[in-house]
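Just below is one structure, and these are the notes that go with it.
Any read-out appearing in this document is the output of simple, stated calculations on the displayed coordinates, not a laboratory observation. All figures in this text were calculated on a predicted structure; none of them were measured in a lab. Heads up, the Cβs are rebuilt from the backbone with ideal geometry, glycines too, and the neighbour counts pull from every protein chain shown.
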Amino acid sequence: MKKLINAPDAVVREALEGMEHAYGDRLRISYDPAFIVRSDAPVQGKVGIVSGGGSGHEPMHGGFVGMGMLDAACPGEVFTSPTPDQMLEATKAVDGGAGVLHIVKNYTGDVMNFEMAADLAKGEGIEVEAVVTNDDVAVQDSLYTAGRRGVGITVIAEKICGAAAEERKSLAEVAEICRRVNGEGRSMGMALTPCMTPSSGEPSFELGEDEMEIGIGIHGEPGRYREPMAPAAQVVDRLATAVVEDLPYNSGDRVLAMVNGMGGTPLIELFVVYRELHRFLQERGITIERRLVGNYITSLEMAGCSITLLRLDDELTRLWDAPVDTPALRWGA
Amino acid sequence: MKKLINAPDAVVREALEGMEHAYGDRLRISYDPAFIVRSDAPVQGKVGIVSGGGSGHEPMHGGFVGMGMLDAACPGEVFTSPTPDQMLEATKAVDGGAGVLHIVKNYTGDVMNFEMAADLAKGEGIEVEAVVTNDDVAVQDSLYTAGRRGVGITVIAEKICGAAAEERKSLAEVAEICRRVNGEGRSMGMALTPCMTPSSGEPSFELGEDEMEIGIGIHGEPGRYREPMAPAAQVVDRLATAVVEDLPYNSGDRVLAMVNGMGGTPLIELFVVYRELHRFLQERGITIERRLVGNYITSLEMAGCSITLLRLDDELTRLWDAPVDTPALRWGA
Amino acid sequence: MTEEAATIDHAGVLAWIRRYAAVIEEHRVELVRLDTAIGDGDHGTNMDRGMKKVLEKLDGSEGDDIGATLKAVGMTLVSSVGGAAGPLYGTLFLQMGTATAGSSTLDVGALADALDAGVKGVQARGKAEPGDKTMVDALLPAVAALREAQADGGVGPAAAAERAAAAAEEGMKATIPMEARKGRASYLGPRSVGHQDPGATSSYLLLRSAGEAFATA
Amino acid sequence: MTEEAATIDHAGVLAWIRRYAAVIEEHRVELVRLDTAIGDGDHGTNMDRGMKKVLEKLDGSEGDDIGATLKAVGMTLVSSVGGAAGPLYGTLFLQMGTATAGSSTLDVGALADALDAGVKGVQARGKAEPGDKTMVDALLPAVAALREAQADGGVGPAAAAERAAAAAEEGMKATIPMEARKGRASYLGPRSVGHQDPGATSSYLLLRSAGEAFATA
Ligand SMILES: Nc1ncnc2c1ncn2[C@@H]1O[C@H](COP(=O)(O)OP(=O)(O)O)[C@@H](O)[C@H]1O
Ligand SMILES: Nc1ncnc2c1ncn2[C@@H]1O[C@H](COP(=O)(O)OP(=O)(O)O)[C@@H](O)[C@H]1O
Ligand SMILES: [Mg+2]
Ligand SMILES: [Mg+2]
Ligand SMILES: [Mg+2]
Ligand SMILES: [Mg+2]
């Protein structure tokens, strides 16, 4: 296993130390329990926004802590949901009296741990709302299963809710916006290679030299099916068709489009993918009004990409454009 | 070969089209000859700054075009220096009457092509200065060889010179600052895996399951030697020792430290590397005053990292902190 | 059949927990492999991290209140395992602790009551039904086996736990042909068929550890 | 030895360029492999892209000015090859074009003058000396061989070009044991030893193409 690490079980802690050294001017790091919090937290009168999940998806979530986005992030072990004590302490650290929003990706572990944390925080008198994101169209939705995974829309929801909170919207309002973003967002991903967690040291799945895996998650889970390698245009058609038909996005819709790298794909390829997505949407009369191209929600060194769309309205566009100042997303500040 | 592309010889053009769709509000793209230019170019009275080089190192250079950094970037084919006609047209497009600086990484091809372009531009009455960066301590310096490669310091020089040009410093002054940055900067890189250009379809070198390559370049060239895999702490000691002893950087020095990913290394590992670099420099009494952790000058999907240091003085620090607004580097704007 | 005590005491419970920690360490890689096939490959690592924390915790523990010890185990698992298994095994132990609060010994009936309460907690938290290809598929048959042993009468805790382990093993193996409907494996849909559920496996190991620990207690 | 014309004309030069384009296409992968070993693996692709552009350019060209044609080839290579080879081969052809400006035929002496001027241009641009493991190591022996053929007298362009190709091949092979001091291979230091230089290889192919084209012209 080839990784720039010292020991598999020290990765998360040591990366946190690295972040502390790099961003100590803007972030505070707690190690036990582990969370990252903007250094001016709690911001009085502002809704606090907390997210978290397994590590290995960097920059999500720690890279999104800062003005205009998250107040705190809880990193679990690699690909493992964090624990309720982390979320509880993070919630307490960011509560400025206006309540705290938990943005939770829909994975059994994340949901259950955040639920326990919310119960504990409420027990301590903090108002908490949780919104669960579930935008991954690769997973069939059903009342009887774990439901769809939360993926790319989470990044966008964190940005937009962060802006709403900076405007001093109430907890109910910020939570409503979060639900709206999730409701108007859809994603799907694919992989050219598996990834390998430091502790397992084995590839998350096996792929032939001429195969790709469609409908991949962000935890190295195998996807829904595999196919022979195809040109980028076909890969995008495949992903974007599933995304567009699901909501559906219709001619005349204005969208925010994210082309996200899974970690091991060169940026030049992501721009080829973005070109194809632009063509695909243009053919359907859907206008890209805002975009994000890069590595935002990754799966360690997995090669591949995901596509996320968010249907925009004027308020969401305004909140997206609002200043943000975090390690991984920064504009207007 | 697994890449998100349509055809090997269409990658550069299609990625440019993707960039145009994504950043059309701030960048203009010329396709024949190929270059990327900030949309408000030429800025009257401002020194224009042009860089360029082979593609496959994204975000360098195209991602650094914008206010406070490059006026134009010329992308060659993957890992191949661009041609003089690209540089000539880019130079003409950004000349606001104050002359144009060419920032050239020291590779035979880049140097010769930029030289021809400068001759042609001068022939058309444009004042041109060229500064060649050569910060890679992995390569032995000698009058009789091609000399050291230009690597990570190029990114930093582009940022700092961009700020100097925005302050309306003269061409001679901006060039002097560029030479100063290059003189005070040193880098070294390593790889855990090779990369593969779209057109060759074969790995740039072979590495055993337990080997790493030290002193790697950014073009998939093999490094100076290979070694058994080692923990991040040792990798950093190895790279940072070579870097620090070369200038040398001494106790009391204040530096800008860049931990750069080669493209296929997860961000979480780069923070582990940054932690080790912080420790290493602290042990030697060298203070990190500014830092950059991420993928800035890459080698396609190569896994690995490089370390760059720049000795800071007050002017360089101020220029580093000045606003910059490009796709890949943005603050204060 | 050798003479067996009719109850296990606090030391027996501690032996069980310690045995489970050792068994999890032994099976860490196997659990990771099972989870790699249909999940994200962390189940073995998560459980091993958690049980090691539990061992640390137990080292300083005093008294003979089985309920308090089981609750402490649950709390430790909740705050150190993470993922789906953390809240689920945490809840299992927390509820077993509540069911045995104040007890310094447990007979087979009390054991059955405790596990029953634990599994009910797991189901309340995770909403999994039998057949969803989860730990519940190993745990429910174990509860039933304990109840049977209790009804049969004259069966000591070690023998009862062995029967429970055998039932859990059956239940674990029965997850192989199932299509997952809960947890991460459910994303695979039909591709989850043909793989043994990692959580059901770690649950079987929990019962097997009980059988082994109680037999030598 | 068959009777051979004492000069080659504009059509002969065009045949040479076209033959070179075909040979480069054939050897693209080999040149990429050689460049992968001690460089960045693009030499074959670069030259192939450039020579294809040259073919496009030649399709529309008129007249019989050999100098003008060679210059056009040089300009096209400069603006389409990139890398180190672009300016170097570009300069080679530009200087050959200058040396032959206005000529509609070339005898062996004129050929030698042209290549000599071209190689001097390459050395002026790239500063490579013999022994640095570059294309210069194939080109200089070729110039010497042409000069010898000229001095011998009675040797036609095809035979002279064949001698030049043989000399270039020797020079190319001689790069194998050299340690690179110029270009990208120099970064490898001693690890560059044992590999044949890609640029020397494409230069040998240039001379071999001349021999083949002139023989059938
Ligand atoms: N809703 C649920 N109810 C009961 N057990 C579940 C549920 N979801 C998952 N599990 C169990 O958890 C196991 C996976 O645990 P683990 O790998 O540690 O967590 P994660 O899936 O978060 O990575 C599964 O094998 C399954 O037995
Ligand atoms: N300074 C130089 N002088 C002469 N030839 C050179 C010089 N530098 C490089 N070369 C030739 O160029 C060849 C490499 O060309 P190519 O791979 O196309 O360019 P790059 O090295 O920029 O990728 C080398 O094999 C060598 O023969
Ligand atoms: Mg997990
Ligand atoms: Mg090259
Ligand atoms: Mg798991
Ligand atoms: Mg090359």
Distances in nm between the label point of C:Ala101 (7 Å along Cα→Cβ) and its equivalents in the other copies, shortest first, are 10.3
Looking along the axis that carries chain B onto chain A, the residue of B whose Cβ comes nearest, with distance in whole Å, is B:Gly264, 2
Mean separation of Cα contacts under 8 Å (at least 6 apart) over the residue count of the stretch B:185-312, i.e. the relative contact order in percent, is 35 percent
Taking a ≥ b ≥ c as the square roots of the Cα gyration tensor eigenvalues, with a/c under 1.5 meaning rounded and otherwise prolate when a/b beats b/c or oblate if not, the stretch B:1-61 comes out prolate
Highest mean packing first, using Cβ neighbours within 10 angstrom, the peptides B:109-116, A:261-268 sort as A:261-268, B:109-116
Each residue of B:284-297 has, on average, a number of other protein chain C-beta atoms within 10 Å of its C-beta equal to 2
Counting other chain Cβ atoms within 10 Å of each Cβ in A:196-205 and taking the mean gives 5
Taking the alpha-carbon centre of each part, the distance from the stretch D:107-123 to the stretch B:1-68 in Å is 39 Å
Computed on Cα atoms only, the convex hull of the stretch A:170-238 has an orientation-averaged projected area in nm² of 7.0 nm²
Under the rule rounded for a/c under 1.5, else prolate if a/b exceeds b/c, else oblate, using alpha carbon gyration tensor axes a ≥ b ≥ c, the stretch B:1-152 is classed as oblate
For the stretch B:218-270, using Cα atoms only, the Rg and Dmax in Å read 13.2, 36
Fewest to most Cβ atoms within 10 Å: A:Cys178, A:Cys305 sort as A:Cys178, A:Cys305
Among A:Lys2/D:Lys182; A:Lys92/A:Lys159; B:Lys46/B:Lys122; B:Lys105/B:Lys159; A:Lys105/A:Lys159, the pairs whose Cα-Cα distance exceeds 23 Å are A:Lys2/D:Lys182
Contact order relative to length for the stretch C:87-131, counting C-alpha pairs under 8 Å separated by 6 or more residues, stands in percent at 54 percent
For chain D, longest principal axis from Cα atoms; helix D:136-152 axis from its Cα atoms; angle between them, nearest 10 degrees, is 30 degrees
Computed Rg/Rh for the stretch D:33-83 (Cα atoms; Rh = Kirkwood radius) stands at 1.11
Tilt, helix C:85-99 to longest principal axis of chain C (alpha-carbon atoms), in degrees rounded to tens, equals 30 degrees
The size of the Cβ-based charge dipole (Lys, Arg +1; Asp, Glu -1) of the stretch D:8-216 about the Cα centre, to the nearest 20 debye, is 640 debye
Taking only C-alpha positions in the stretch B:185-312, Rg and Dmax in angstrom work out to 14.3, 47
In degrees, nearest 10, the alpha-carbon axis of helix D:198-216 is tilted away from the dominant principal axis of the alpha carbons of chain D by 20 degrees
Working note, the stretch C:8-216: Cα radius of gyration (Å, one decimal) and Dmax (Å, whole number) are 15.7, 49
Checking rank on C:31-43, B:16-28, with mean other Cβ inside 10 Å and highest first, the result is C:31-43, B:16-28
Cα-based Debye curve of the stretch A:75-173 sampled at q = 0.12, 0.13, 0.18, 0.20 Å⁻¹ gives log₁₀ I(q)/I(0) of -0.41, -0.48, -0.90, -1.08
Rounded to the nearest 5, the percent of antiparallel DSSP beta bridges in chain B equals 55 percent
Per-residue average of other protein chain Cβ atoms inside 10 Å, peptide A:105-111 -> 6
Given 10 °C, 1.306 mPa s and a Kirkwood radius over Cα pairs, the Stokes-Einstein diffusion coefficient of the protein assembly as shown in µm²/s is 50 µm²/s
Fewest-first ordering of C:Leu140, B:Leu101 by Cβ atoms within 10 Å yields C:Leu140, B:Leu101
Rounded to the nearest 5, the percent of DSSP beta bridges in the protein assembly as shown running antiparallel is 60 percent
The convex hull of the Cα atoms of the stretch C:104-217, divided by residue count, gives a volume in Å³ per residue of 88 Å³
Non-local residues with an amide H under 5 Å from the amide H of B:Arg148, with H modelled 1.01 Å from N and Pro and chain starts lacking one, are B:Ser142
Projected area averaged over all directions for the convex hull of the alpha carbon atoms of chain B, nm², comes out at 15.8 nm²
Sorted shortest first, the nm distances from the B:Asp313 label point (7 Å along Cα→Cβ) to its counterparts in the other copies are 5.7
Expected sort for D:51-64, D:141-154 on mean C-beta neighbours within 10 Å, highest first, is D:141-154, D:51-64
